[in-house]
Amino acid sequence: MMNKPMGIKKRLLSYTNPYWGRLIAGILLAIVVSAATGAAAWIVKPVMDDIFLSKDTTLLKILPIGFILIYTIKGLARYGQSYLMRSIGQKIITKIRNELYEHIQKMPLSFFHNTPSAILMSRITNDVTMLGHVSSQVVADFFRQSFTFFILLGLTFYREWKLAAIALVVFPFIGIFIVSIGRKLRVLSRKNQEKMADLNIILQETFTGNKIVKAFGMEEYENIRFMNENRKLYDITMKETKRFEMLSPMMELFGAVGTGVVIWYGGYQVISGATTPGTFFSFMTALIMLYDPIKKISTMNSVVQQSIAAAERVFEMLDTKIDITDNDGAIDIREFKDKIGFNDVWFQYNSNNGMVLKGINLTIIKGEVVALVGSSGAGKSTLVDMIPRFHDVTKGSINIDSYDIRDITLNSLRRQIGIVTQETILFNDTVKNNISYGRVDAGMAEIQKAAESAYAHDFIMEMPSGYDTVIGERGVKLSGGQRQRLSIARAILKNPAILILDEATSSLDTESEKMVQQALENLMKDRTTFVIAHRLSTVLNAGRIVVIDDGRIAETGRHDELLALGGIYKKLYAMQFKE
């Protein structure tokens, strides 16, 4: 059975398939570079024997020109080879990063609930960047250094095979050392990247939650927490550094031992006349140059081991199954015509948890406004999250008109749905682009009309650049009510047939809530609407109120009917309006 590192290397290699032409050109140029290096070592013999000893003036005129020509060719070939190989590597990295991002975007909501966003960012940035080292720099160097090694090794045997055989004695020790260090580096590199992801989690939490950190006076606590994790990262990095930096001096030590023995034995050969000084120095030049590719290849192995650790994490995420996808034969729906039906719907987040929804049966007619109420954790948000298939039912089905939503393409299903939540998500972009998110083809007139319907136009025009004002990360430059009205404008512009309002006014003050409520009324006109509200005052006029309790439908009816029933709804109402 293929071992894991070899499988990862083969998978990485498969990404080179579209670039074989460039790869072959790069390999040929690497051979030219290596041949030029060998030629430089070769001409040491005629310089010593023919020019210095035999006083050959003709050769004295030719060899300097040849030497310059060799290094000119070598320089041009090396530039071309490095550029080609690195361009291949960067194309591969771009492709992997795009694939990873696209794959993560397709993951269900539960994946994002269970995976910290800092981990995801670390995979896309740090880990994929680590792959860049092996797919560009290392690949370029590997071919060049490998060919150089074999050409120089061949030259040493051609010049003095006995001396070359003596020098080769140290090679097995070098190989054992490289493999041993490489394995340790792969383990440490994985730990290093995992610890870096942990550090990113702390950074994200404290930066996004900085207001809470300050409010609770936890700056010192967070400083200590960060420093402790940073110290752990330092310790792992230094262990990795210690092993990595051992490679070069150990290579030089092995090389010095082999070279020392060769000088001792070769010196006797020259003194006794068994070989010429030129042959010996040509051999020594090739031998000394030979240790450079050995050192570089050993360093490459270390980088490869680090990259394998990164590739394991990247491919592990790429191989994570996407649970919610289009079924075979899924259809596009152009419009919502009739009704939405929940048919004995059960749901659990995973097999280790109990059912969150239990036997939900509910039919909503087109144009109806249905309010979902209940205590926190009753399952209200989970229920509406099933409609756009943020989660799939564990048992039962949900229909839109006559179609099971699992038989509808995700894109066409979600085109029918607009969502406004308590936590308003805005982007660090202009007001205009935030409103047109989901309708990027919308014209300025449409955007402005949507903003007017959401009672947002006036405050937008008071901003420095109007609709072209950048609102900051998550809309930090706006008040809560302003952010919510932009969110409503975005939903109005999308013009969905089905609307989900999840605690859309719960975090606002009374004045802001009034403005937002007016905007919501404009948004809800002629739409099938699900309203989740903690404040029961916002659902009094709903066409139907559905009370969810422990994942089940406990009561259903209008406000006055439910009060008369004297059940859960009346208790919730009494708790909120007891004064």
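The values are calculated or read from the model by the stated rules, or taken from the named source; none is laboratory data. If you're wondering where the values come from, they're calculated on a predicted model, not measured in any experiment. Cβ: placed from backbone, ideal geometry, glycine included. Neighbour counts: every protein chain shown.
Just need a number here: residues in the stretch 258-282 that are among the hydroxyl-bearing types (Ser, Thr, Tyr) and in a helix (DSSP H, G or I). First the steps, then the outcome.
Quick first cut of the stretch 258-282, residues among the hydroxyl-bearing types (Ser, Thr, Tyr) only: 259, 265, 268, 272, 275-276, 279, 282.
If we keep only those that are in a helix (DSSP H, G or I) as well, we get 259, 265, 268, 279, 282.
Of the residues in that region, 5 qualify.
The rows are residues; the columns are (1) more than 12 Å from Met317 (Cα to Cα); (2) modelled with pLDDT of 90 or more; (3) in contact with a Cys (Cβ under 7 Å, 6 or more places away or on another chain).
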residue: Gly80; (1), (2), (3): yes, yes, no
residue: Arg86; (1), (2), (3): yes, no, no
residue: Lys91; (1), (2), (3): yes, no, no
residue: Ile96; (1), (2), (3): no, yes, no
residue: Tyr101; (1), (2), (3): no, yes, no
residue: Pro108; (1), (2), (3): yes, no, no
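Tell me whether the stretch 369-385 contains one or more residues that are over 30 Å from Ala574 (Cα atoms) and not β-branched (Val, Ile, Thr). Step through it out loud before you land on a result.
Initially, the stretch 369-385 is screened for residues over 30 Å from Ala574 (Cα atoms), giving none.
Within the stretch 369-385, not a single residue is over 30 Å from Ala574 (Cα atoms) and not β-branched (Val, Ile, Thr).
Consider only pairs whose beta carbons are under 7 Å apart and that are at least six residues apart or on different chains; among these, list those whose first residue lies in the stretch 345-369 and is on the phi > 0 side of the Ramachandran plot and in contact (Cβ under 8 Å) with a residue 24 or more places away in the chain and whose second residue is among the acidic types (Asp, Glu) and surrounded by fewer than 17 Cβ atoms within 10 Å (Cβ to Cβ).
Gly359/Asp344; Gly367/Asp526
For Ser135, are the conditions met, namely being over 27 Å from Thr206 (Cβ atoms), assigned to a helix (DSSP H, G or I), modelled with pLDDT under 85 and hydroxyl-bearing (Ser, Thr, Tyr)? Let's see the steps before the verdict.
On the way: over 27 Å from Thr206 (Cβ atoms): yes; assigned to a helix (DSSP H, G or I): yes; modelled with pLDDT under 85: yes; hydroxyl-bearing (Ser, Thr, Tyr): yes.
Taking the combined requirement at face value, the residue satisfies it.
Could you please let me know if Phe149 is in contact with a Ser or Thr (Cβ under 9 Å, 6 or more places away or on another chain), in contact (Cβ under 8 Å) with a residue 40 or more places away in the chain, surrounded by 16 or more Cβ atoms within 10 Å (Cβ to Cβ) and farther than 16 Å from Asn192 by Cα?
Working: in contact with a Ser or Thr (Cβ under 9 Å, 6 or more places away or on another chain): yes; in contact (Cβ under 8 Å) with a residue 40 or more places away in the chain: yes; surrounded by 16 or more Cβ atoms within 10 Å (Cβ to Cβ): yes; farther than 16 Å from Asn192 by Cα: yes.
Yes: the conditions hold for Phe149.
Under 7 Å by Cβ, and 6 or more places apart or on different chains, what pairs join a residue from the stretch 11-25 that is not assigned by the TED database to the domain that holds Ser87 with one that is loosely packed, with under 11 Cβ neighbours inside 10 Å and among the hydrophobic types (A, V, I, L, M, F, W, C)?
As it stands, the answer is none, since no pair meets every condition given.
Does any residue in the stretch 447-472 that is surrounded by fewer than 19 Cβ atoms within 10 Å (Cβ to Cβ) come within less than 7 Å, Cβ to Cβ, of a residue that is among the charged types (D, E, K, R) and not in a helix (DSSP H, G or I) six or more places away or on a different chain, and which pairs are these?
From residues that are surrounded by fewer than 19 Cβ atoms within 10 Å (Cβ to Cβ), the pairs are Val470/Asp429.
Please verify whether Glu521 is out of contact with any Leu (no Cβ under 7 Å at 6 or more places or on another chain) and at pLDDT below 90, treating the condition exactly as stated. Before you say what the answer is, go through the steps one by one.
Details: out of contact with any Leu (no Cβ under 7 Å at 6 or more places or on another chain): yes; at pLDDT below 90: yes.
Yes: the conditions hold for Glu521.
Being loosely packed, with under 14 Cβ neighbours inside 10 Å, free of Cβ contacts under 8 Å to residues at least 24 places away in the same chain, farther than 30 Å from Lys321 by Cα and β-branched (Val, Ile, Thr) narrows it down to one of Ile68, Ile51, so name that one.
Working: Ile51 fails: loosely packed, with under 14 Cβ neighbours inside 10 Å.
None of the other options fit; the residue is Ile68.
When you go through Ser82, Ser122 one by one, which is the residue that is of a type in the set (S, T, N, Q), within 10 Å of the chain's Cα centre (by Cα), on the phi < 0 side of the Ramachandran plot and not assigned by the TED database to the domain that holds Phe347? First the steps, then the outcome.
Values: Ser82 fails: within 10 Å of the chain's Cα centre (by Cα).
Only one candidate passes the filter, namely Ser122.
Suppose the filter is in contact with a helix residue (DSSP H, G or I) (Cβ under 9 Å, 6 or more places away or on another chain), modelled with pLDDT under 85 and crowded, with 19+ Cβ neighbours inside 10 Å; does Ser117 pass it? Write out each step before concluding.
Working: in contact with a helix residue (DSSP H, G or I) (Cβ under 9 Å, 6 or more places away or on another chain): yes; modelled with pLDDT under 85: yes; crowded, with 19+ Cβ neighbours inside 10 Å: no.
It is false that Ser117 is in contact with a helix residue (DSSP H, G or I) (Cβ under 9 Å, 6 or more places away or on another chain), modelled with pLDDT under 85 and crowded, with 19+ Cβ neighbours inside 10 Å.
For Thr58, are the conditions met, namely being in a helix (DSSP H, G or I) and more than 50 Å from the chain's Cα centre (by Cα)? Show your work before the answer.
Working: in a helix (DSSP H, G or I): yes; more than 50 Å from the chain's Cα centre (by Cα): yes.
Criteria met by Thr58.
Check off (1) part of a loop (DSSP other than H, G, I, E, B); (2) touching a Leu at 6+ places or on another chain (Cβ under 6 Å); (3) hydrophobic (A, V, I, L, M, F, W, C) for Met289 and give me the number that stays unchecked.
Single failed check for Met289: (1).
With the requirement that a residue be surrounded by fewer than 18 Cβ atoms within 10 Å (Cβ to Cβ), more than 30 Å from Gly278 (Cβ to Cβ) and of a type in the set (Gly, Ala, Ser), what does the stretch 153-187 give you?
Gly175, Ser180
Kindly indicate whether Leu372 is surrounded by 21 or more Cβ atoms within 10 Å (Cβ to Cβ) and within 28 Å of the chain's Cα centre (by Cα). Break it down stepwise before answering.
Working: surrounded by 21 or more Cβ atoms within 10 Å (Cβ to Cβ): yes; within 28 Å of the chain's Cα centre (by Cα): no.
The answer is no for Leu372.
Residues are listed down the side, and each one gets a yes or a no for (1) over 30 Å from Ile51 (Cα atoms); (2) out of contact with any helix residue (DSSP H, G or I) (no Cβ under 9 Å at 6 or more places or on another chain); (3) of a type in the set (A, V, I, L, M):
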site: Asn200; (1), (2), (3): yes, no, no
site: Thr206; (1), (2), (3): yes, no, no
site: Thr259; (1), (2), (3): no, no, no
site: Trp264; (1), (2), (3): no, yes, no
site: Ala274; (1), (2), (3): no, no, yes
site: Ser282; (1), (2), (3): no, no, no
site: Tyr291; (1), (2), (3): no, no, no
site: Thr299; (1), (2), (3): yes, no, no
site: Gln306; (1), (2), (3): yes, no, no
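Considering every residue within the stretch 188-211, establish whether at least one is within 30 Å of Thr279 (Cα to Cα) and modelled with pLDDT under 75.
Initial filter on the stretch 188-211 (within 30 Å of Thr279 (Cα to Cα)): none.
Looking for residues that are within 30 Å of Thr279 (Cα to Cα) and modelled with pLDDT under 75, one finds none in the stretch 188-211, hence no.
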